1. Within the range 18-25, is even one residue near the ligand (Cβ under 10 Å from one of its atoms) and under 15 Å from D64 (Cα atoms)?
2. Just name the residue that is nearest to the ligand (Cβ to nearest atom) out of those in the range 67-79 that are closer than 21 Å to G233 by Cα and surrounded by 15 or more Cβ atoms within 10 Å (Cβ to Cβ).
3. Being at pLDDT 95 or above and either within 16 Å of the ligand (Cβ to nearest atom) or farther than 29 Å from A157 by Cβ (or both) is true for just one of R326, R293. Which residue is that?
4. Give the number of residues within the range 16-31 that are touching a residue at least 40 places away in the same chain (Cβ under 8 Å) and touching a helix residue (DSSP H, G or I) at 6+ places or on another chain (Cβ under 6 Å).
5. Among the residues of the range 29-66, write down those that are out of contact with any Pro (no Cβ under 8 Å at 6 or more places or on another chain), within 11 Å of the ligand (Cβ to nearest atom) and in a loop (DSSP other than H, G, I, E, B).
6. Of these, E337, E277, E268, which one is in the same structural domain as G349 (by TED's automatic domain parsing), over 16 Å from F102 (Cβ atoms) and out of contact with any helix residue (DSSP H, G or I) (no Cβ under 9 Å at 6 or more places or on another chain)?
7. Working only within the range 207-234, note down all residues that are in a loop (DSSP other than H, G, I, E, B), surrounded by 15 or more Cβ atoms within 10 Å (Cβ to Cβ) and under 22 Å from the mean Cα position of the chain (by Cα).
8. Given the structure, is V29 under 23 Å from P132 (Cβ atoms), of a type in the set (V, I, T) and at pLDDT 95 or above?
Amino acid sequence: MPYRFYAAEISYFSGKVRPALRRKGIFFVEHLPTPAAYRDVILPRTGLGFIPIVVTPEDETWQDTSEILDALERRHPEPALVPATPVQRVVAYLLELYADEFLLLPAMHYRWSFPESERKARADFAAATGDPAGAIKFADRMSGSIAMLGVRPESHAAIEMHLADLLDALSAHFAEHAALLGARMSLADCALLGPFYAHLYLDAVPGRLLRERAPRVCHWIERMNHPDPTASGDFLPDDALADTLRPILELIGRDAVPLLLDTVRDFERWADARPPELEEPPRAVGFHDTGFRGARFQRYTSPYTLWMLQRTLDAYRALPDAERARVDASLARTGCEALLAYRPRHRLGKRRFKLCFEGSGA
Ligand SMILES: N[C@@H](CCC(=O)N[C@@H](CS)C(=O)NCC(=O)O)C(=O)O
C-alpha cells in the first residue's frame, strides 16, 4: 500500500515534504486537495484545513510538515536527512525554522503583491482543486492575510533586499556545493524548497527573477525536487559548515533572528498573562512591532513560531557541553547565536494536531 500525500504543486509546505519522500524512495501517491479530499479526508482526520497531510499505509494520519519529516526519518532512516553531528544538525533545524517562518514573507510578497503573480496563482489554485469558486475564496483569504504576516508597503523594499541577498549568497554556495550542508540533501534543503519551489520558482514574477539572477539556485531546486536516487554524496566531513554557508547564516542572523525573537517574546508576554485554564492558544494572539533593514511594521503574533523555535533549541540543548561549545563557535558572530541563547518561559506541545501549553519552557 502506498503512503497517500494530500498536497499541491503550488503549496509551500507540500514543497517541503515531497523532496524527502522522493529522496527516501518511498512508495507514495499524491492526491490533489479537492473539495472531496478536504471533506472526506483532511478535515475529518485532522480537524484542520491545512495541507499537506500524509495518510500512512497503516491508516495513520500525519499533519504538520515538521512532524511528517520526523516520522519519515524514523521509519525510513536511510538516507538520513537530519545530520547526526551537532553543528550540522543544529544548523539544519535553524534553516528549517528560517524557511518555515521567515521566508513566508518573500514567498507571500512575490505571490500576492504583483498582479501578474496573483493572476497565475489564482489560476493554479483553480486547476489544483477543480473548484473555481472555492479557489477564489481561498485566494482572497491568502491575499488578504499578507498584511497580518508583515507584508505591507512599509516592508516591501526590505523583503526584496533580503531575497536578493539570499539569492546571491545561495548562488555562491551552490557554485561549490550540491546542497546546503555538502553534497547530500538534508532537512534544510527540504525546508527551503517549500518557499523556493512552490512559490518563488513557480510564481510568475519571482520565477523570472530566479531564472535571471540565480540560475544556480534554479538548478539546486531541480536537483532537490527530483533527487538522483543513486546519489552517493555526503554531508561535509568533520561536521564542517561550508565557508559559503556563513554569509547565509549572517543574513539570517541580521534580518530573520530579530524578527522571529520579536514574535516569540510577544507571544510569551501574552502567555504570561493568559487565563490559567486556557490549554490551547489561538492561532494568533494579537500584533507586535518588528522590522528589519530599517523597515518597521506590525505583524500578528503566532504561537507556532515558538513551537518551531523549540525544535532548534531542543536539538541544541540536548547536546553535551563540549558539542554545544562547537555549535557556539561555528555560529559565533553570525547573529544566530541570539536565537540559541533564548530561553523560553513557556513550552508548547501538540494535541490532536493543535498547539497546547505544556508547562514552563525552562
Ligand atoms: N505548519 C504547517 C503549515 C501548513 C500550511 O500552512 N499549509 C498551507 C498550504 S502551504 C495551508 O493549507 N493553508 C491553509 C490556511 O492557512 O488556511 C505545516 O508545516 O504543515
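The values are calculated or read from the model by the stated rules, or taken from the named source; none is laboratory data. Quick caveat: nothing in here was measured; it's all calculated off a predicted structure. Neighbour counts are summed over all protein chains in view; Cβ atoms, including those assigned to glycine, are modelled from backbone coordinates with ideal geometry.
1. The answer is no, given that none of the residues of the range 18-25 is near the ligand (Cβ under 10 Å from one of its atoms) and under 15 Å from D64 (Cα atoms).
2. L69
3. R326
4. Adding up the residues that qualify gives 4.
5. P33, L48, G49, F50, P52, D64
6. E277
7. Hits for the range 207-234 are A214, P227.
8. So V29 fails the test.
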